[in-house]
Amino acid sequence: MLTVNAYAAPSATEPLVATTIERRDVGAKDVLIEIAYAGICHSDIHTVRGEWGPQQYPLTVGHEIVGVVTEVGADVTLHKVGDRVGVGCMVNSCRECVNCLSGNENYCLKGNTGTYTAVDRDGTITQGGYSTHIVVVEDFVLRIPEAIPFDKVAPLLCAGITTYSPLKHWNAGPGKRVAVVGMGGLGHMAVKIAHALGAEVTVLSQTLSKKDDGLKLGADHYFATSERATFTDLANHFDLIINTVSANININHYLKLLRLNGTLVSVGAPPEPLPIQVFTLFGNRRTFAGSSIGGIRETQEMLDFCAEHGIAPETELIAADQINEAYERVLKSDVRYRFVIDVETMK
Ligand SMILES: [Zn+2]
Ligand SMILES: [Zn+2]
């Protein structure tokens, strides 16, 4: 076992504190990563606070992880010491179900092994990336292209793939009108990626406070959803709407913005069920869908795509002792657009 520095929540109601956690010994197919940067995802906050169900504490979260390989197991072939690598929202899967075999490990029928709070193969509870080191089986470790700044790349491992996967699946590209609902950590990545794919991009945000940013990041249009006229002006307009908002929005108002055969995909989920008016789906043969991260192959494709198109997340770098303060700011949407922890400050 390896004892490493980390930040952990002692309980659902206490702030995160500096501590140590255990990592397993490096197995034959494992890679030991010295973590350099870790992004703060809204899911981290929901999870440590027990809002998505009871957890075991102390708990270390973080699933936007990048670092450098410092040791590899005897049978490792994909990575070598010194490589820049990343780990996202999952660290393993069953590898034998139909979804795993088709490269959709994120949809593993037995459930993928989450980077934190999941039961690992050895029976321990996985611990996330707010830590100096992590041991991960090589197939779930991504290569980080040199072209993306190392201190900015981490959020691609969750926010990047969460938006890239549905944009690709529903064919965002030239001639397609794509709307992004919400201009936060996920939304700003959706704007950049949809723009790079060649789609006409519209941001639908509560207010126009981030309009300048949105247009700078690649949006062609920007509308405030607090204005009633937005929903009449844009009726029957979009091929694809990516909803990144976790709050309970009036989903029927948004569905009516879809043109013929259009799809609204939710990547943010409110805790309550949504009251969908099925008649709204009849009109224009609309589809309401969901999407969850992406497979390993697709995640690598997304990283390579971002490198090729010069895409990196907009980030604010913080020291480890600012994590609790950063959480409060995430909850107030006071970040443009993702916090990244400099893990050097944990060493
Ligand atoms: Zn996340
Ligand atoms: Zn599986």
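The numbers here are math on the coordinates, done by the rules we state, and not lab data. Predicted model, so just to flag it, every value in this text is computed and none were measured. A quick note on method: Cβ atoms are made from the backbone with ideal geometry, for glycine too, and the neighbour counts reach across all protein chains shown.
General remarks:
- Every helix of 4 or more DSSP H residues in the chain counts as -39500 (n - 2.57), and over all residues that averages to -6000 deg cm²/dmol at 222 nm.
- Rg(Cα) / (2.2 N^0.38 Å) computed for segment 86-224, rounded to two decimals: 1.21
- Projecting the Cα positions of 300, 235, 247 onto the charge dipole of segment 211-304 (unit charges on Cβ atoms of Lys, Arg, Asp and Glu, taken about the Cα centre) puts 235 furthest along the positive direction.
- Selection from 94, 147, 46, by position along the positive dipole direction of segment 31-159 (Cβ): 46
- Neighbourhood net charge (15 Å Cβ-Cβ; Lys/Arg +1, Asp/Glu -1) for residue 40: -4
- Nonlocal amide H pairs with residue 90, under 5 Å, H built at 1.01 Å: 115
- Looking at the chain alone, DSSP beta bridges between its own residues are antiparallel in about 55 percent of cases.
- Distant-in-sequence amide H partners of residue 180 (H built 1.01 Å from N, under 5 Å): 202, 203, 204, 242
- Bins of 20 Å, starting at 0 and running to the largest distance - Cα pair percent for the chain: 31, 57, 11, 0
- Net dipole in debye of the chain [+1 Lys, Arg Cβ; -1 Asp, Glu Cβ; about Cα centre; nearest 20]: 1220 debye
- Residue order, fewest to most surrounding Cβ atoms within 10 angstrom, among 205, 131: 205, 131
- Karplus-derived 3J(HN,Hα) values for segment 41-48, using 6.51 cos²θ - 1.76 cosθ + 1.60 with θ = phi - 60°, are 9, 4, 4, 4, 5, 4, 6, 4 Hz; glycine and proline are entered as x.
- Counting beta carbons within 10 Å around each of 266, 333 and listing the fewest first gives the order 333, 266.
- GNM top mover of 258, 59, 208 - the chain, alpha-carbon springs below 10 Å: 208
- Max mean-square fluctuation residue, GNM over the chain, Cα-Cα springs under 10 Å, options 91, 278, 201: 278
- For segment 300-309, 3J(HN,Hα) per residue [Karplus equation, 6.51 cos²θ - 1.76 cosθ + 1.60, θ = phi - 60°, Hz, x = Gly/Pro]: 5, 4, 5, 4, 5, 4, 5, 4, 5, 9
- Couplings 3J(HN,Hα) of segment 252-259, computed from phi: 5, 4, 6, 4, 5, 7, 7, 7 Hz, in residue order, whole Hz [Karplus 6.51 cos²θ - 1.76 cosθ + 1.60, θ = phi - 60°; x for Gly and Pro].
- Gaussian network model of the chain, Cα within-10 Å springs - most flexible of 37, 164, 327: 327
- Bridging of residue 29 to lysines at a Cα separation below 27 Å is possible for 80, 110, 347, once same-chain residues fewer than 8 apart are set aside.
- Where only C-alpha atoms are counted, convex hull volume of segment 218-347 per residue in Å³: 166 Å³
- For 306, 94, 41, 100, order by how many other beta-carbon atoms lie within 10 Å, fewest first: 94, 100, 306, 41
- P(r), alpha carbons of segment 3-139 - 5 Å bins starting at zero, rounded %: 2, 11, 19, 23, 21, 14, 7, 3, 0
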